[in-house]
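Data block below; observations after.
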Amino acid sequence: MAAGAETFSLREVLVAFTACVSEQREVRVDPYLAGWKGLVRFLNCLGTIFSFISKDAVTKIEIIENYRNSDQRENYLTVQSMVEYELANGLVDLQKRSKHPDSGCRTFLRLHRALHWLQMFLEGLRTGEDNSKTSVICSETYNASLANYHPWIIRKAAGVAFCALPTRNTFLETMNVGTAEEAVAMLGDALPYICEVYKITEELYAQHKLLDLP
Ligand code: 1PZ
């Protein structure tokens, strides 16, 4: 286990997603990134075999954080304001990556797709049998979601990494939420919030025809 892992609980991470949706049903960027940062820390606790995944997630988190620290920070307060600002100012490559290879819109879309996987994976863990294999839940949900956007080489590397995942009960205990039963209860509480964040973003991207950004 990495240093500091003993004080780390996945509860706080998933709670970050409960703070994402504003009263106007907008998705706040800061708690979204805080949630992802916590997930990356958790992933790092699972072993170095996952570092190629966490590195990519960190790169994407940092791209959006840089927008939040720039003089345009107010435009990146919510996903809605980001989409509106970048589209109105021609800051998104719509057909091919060229002038704006790292737009907030395309970068956020990658995290958004990964959130879909996360939602399915956590639901699979929550409802799985005691002795089920995390690696199977992980690869089934990955193949049904994120894998569709990844080239063969990444799918292959991901498949190898998944084999290193512990059994469901050990995985639930690694979350540091308490017993496996308590972790399952926490997932039941947190998942509706993650689903809501996913759904609002999906609708927004669909409405602006941004779901296939290069
Ligand atoms: C608990 C086990 C963790 C399994 C994680 C399952 C996700 C596998 C994702 C493999 C991604 C590998 C690295 C790089 C991929 C990038 O090519 C893509 C597309 O970005 P582009 O090339 O277009 O810039 N990146 C992504 O799809 C974002 C992936 C983020 C994954 C974060 C997972 C965090 C897991 C937390 C676990 C609790």
- Query: GLU26 versus ASP102, label points 7 Å from Cα toward the beta carbon: distance in nm?
  - Reply: 2.5
- Task: Please find, in a Gaussian network model of the chain (springs between Cα atoms separated by less than 10 Å), the residue of TYR193, TYR149, TYR76 whose mean-square fluctuation is greatest.
- Result: TYR149
- Item | Size of charge dipole - the range 121-168 - debye, nearest 20, with Cβ of Lys, Arg +1 and Asp, Glu -1, no other charges | 180
- Does the range 1-110 classify as rounded, prolate or oblate by the C-alpha gyration tensor (a ≥ b ≥ c root eigenvalues; a/c under 1.5 gives rounded; else a/b over b/c gives prolate, otherwise oblate)? oblate
- Note on the structure: With Rh as the Kirkwood radius over Cα pairs, the range 8-207 has Rg/Rh of 0.97
- Task: Compute the FRET efficiency between GLU84 and ASN148 as 1/(1 + (r/R0)^6), taking r as their Cβ-Cβ distance and R0 = 22 Å, and round to the nearest 0.05.
- Result: 0.20
- Query: Can you give the charge dipole size of the chain about its Cα centre, rounded to the nearest 20 debye, using +1 on the beta carbon of Lys and Arg and -1 on the beta carbon of Asp and Glu?
  - Reply: 800
- So how much slack lies between GLU65 and THR48, counting 0.36 nm per residue of separation and subtracting their Cα-Cα distance, in nm? 3.7 nm
- With the dipole of the chain defined by +1 on each Lys or Arg Cβ and -1 on each Asp or Glu Cβ, the option from SER54, THR179, ALA19 whose Cα lies farthest towards the positive pole is SER54
- Using every Cα-Cα pair within the range 111-214, state what percent have a distance larger than 19 Å. 49
- Dipole-positive endmost among SER81, CYS163, GLY38 within the range 8-207 (Cβ charges, Cα centre): CYS163
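Computed from the coordinates by the stated procedures, all read-outs in this text should not be read as laboratory data. The structure displayed is predicted, hence computed values, not measured ones. Glycine also receives a Cβ, built like all others from the backbone with ideal geometry; neighbour counts cover every protein chain displayed.
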